[in-house]
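Report on one structure; see the data block that follows.
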Amino acid sequence: MPAELWVTVLMGVAAVLFAGALGMAGLGVSNVVSPFLVEVKEESAGGVAGAGSVVVRKLGVINRRFMWPGYEDKMRRSLIKAGEPKTYKPEDIMALQEIGFACGLLFGLVLMNAIDFNLAWSLVVALIGLFYPLIWVNDQVSKRHLQISRALPFNLDLLTLSVEAGLDFTAALAKVVEKGKAGPLREELALVLKQLKMGKTREEALKGMIARVDLPALSQFVTALIQADKMGTSLGKVLRIQSTQLRIERTQRAEKLANEAPVKMLFPLIACIFPTVFMVLFGPIVFAFMYGGAAG
């Protein structure tokens, strides 16, 4: 009887300890999950997108300790040139690469197993997931450069007219920011104007824009402005020359694209249109030759 009593007591104590452990584990999970849910609700995207942003940011904080300086500097420059999309930081891009690699590996394993291929090929899919965030960042840089290139002639014309009308450079730049089309170039000019008002020299503010954008056409224009400022040349004449040069380059670029169009259309024409035309023209003849003779 005493042995049975001791067994009962030990079982009761074990049950209490197990219940306490479950309670502590639940409390720990709650302490982890609750802040996560709060952050998801605070995200502008919310839902699954908000949860994804929180996960990327949390993983980025961990990556911050292990990221090597070369990767950080290169990625920071690329993100600045891309306009810092979604306020991503270098560690966030590394987190996206890690997530892409894991998802690519999982998808590759499932796909290779389904089509009965060697599972080693799943590493190729994983590498695609690893490098896709870098491709996305470079694509954002290209899109932003294209937007700036298209908006530059109009804004330069507006700046030239403002200077020739008698405004100084800062006032003319403010007029361009006010009247210009919305886009990345307007944002960069607004930042230059803000830096000028904060006390930076014109050269420092303009060189900062060159470093941020890293676009040859814009760099050429800004360099001419800096040289004119140093040498005391009339700003209106320099702007007029640069404006004319940009219009000529834009016309030449349009002509180049127009000349490339026939070459780009050649492959779809040969691969898609010609076979269809041949089928429509010669299909009935071949059908009649094959089956008409058999019927006769």
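The values are calculated or read from the model by the stated rules, or taken from the named source; none is laboratory data. Please read these numbers as outputs of a predicted model, since none were measured by experiment. Counting neighbours? That spans all protein chains shown, and the Cβs are built from the backbone with ideal geometry, glycine included. Heads up: the accessible areas ignore ligands, DNA and RNA and are worked out on the full protein's heavy atoms, side chains in. Shrake-Rupley method; radii C 1.70, N 1.55, O 1.52, S 1.80 Å.
Okay, here's what the table says:
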| read-out | value |
| --- | --- |
| Enumeration of residues in region 98-119 that are more than 26 Å from residue 61 (Cβ to Cβ) and open to solvent by 60 Å² or more (accessible area, probe 1.4 Å) | 107, 109, 110, 111, 113, 114, 115, 116, 117, 118, 119 |
| Exclusive hit being open to solvent by less than 70 Å² (accessible area, probe 1.4 Å), at pLDDT 85 or above and in a helix (DSSP H, G or I), set 25, 95 | 95 |
| Residue 263 vs. criteria within 21 Å of residue 83 (Cβ to Cβ) and out of contact with any Asp or Glu (no Cβ under 9 Å at 6 or more places or on another chain) | no |
| Where a residue in region 198-212 is over 23 Å from residue 144 (Cβ atoms) and its partner, wherever it lies, is loosely packed, with under 14 Cβ neighbours inside 10 Å, with Cβ under 8 Å and at least six apart | 203/230 |
| Long-range neighbours under 7 Å by Cβ, at least six apart or interchain, first residue touching a residue at least 40 places away in the same chain (Cβ under 8 Å) within region 73-94, second outside any helix (DSSP H, G or I) | 79/88; 81/214 |
| Residue within region 194-217 that is modelled with pLDDT under 85 and either over 30 Å from residue 79 (Cα atoms) or of a type in the set (D, E, K, R) (or both) present | no |
| Some residue of region 162-170 being closer than 24 Å to residue 232 by Cβ, acidic (Asp, Glu) and either in contact with a Pro (Cβ under 8 Å, 6 or more places away or on another chain) or touching a residue at least 12 places away in the same chain (Cβ under 8 Å) (or both) | yes |
| Residues (closer than 14 Å to residue 213 by Cβ, within 15 Å of the chain's Cα centre (by Cα) and crowded, with 18+ Cβ neighbours inside 10 Å) located in region 129-172 | 140, 141, 144, 145 |
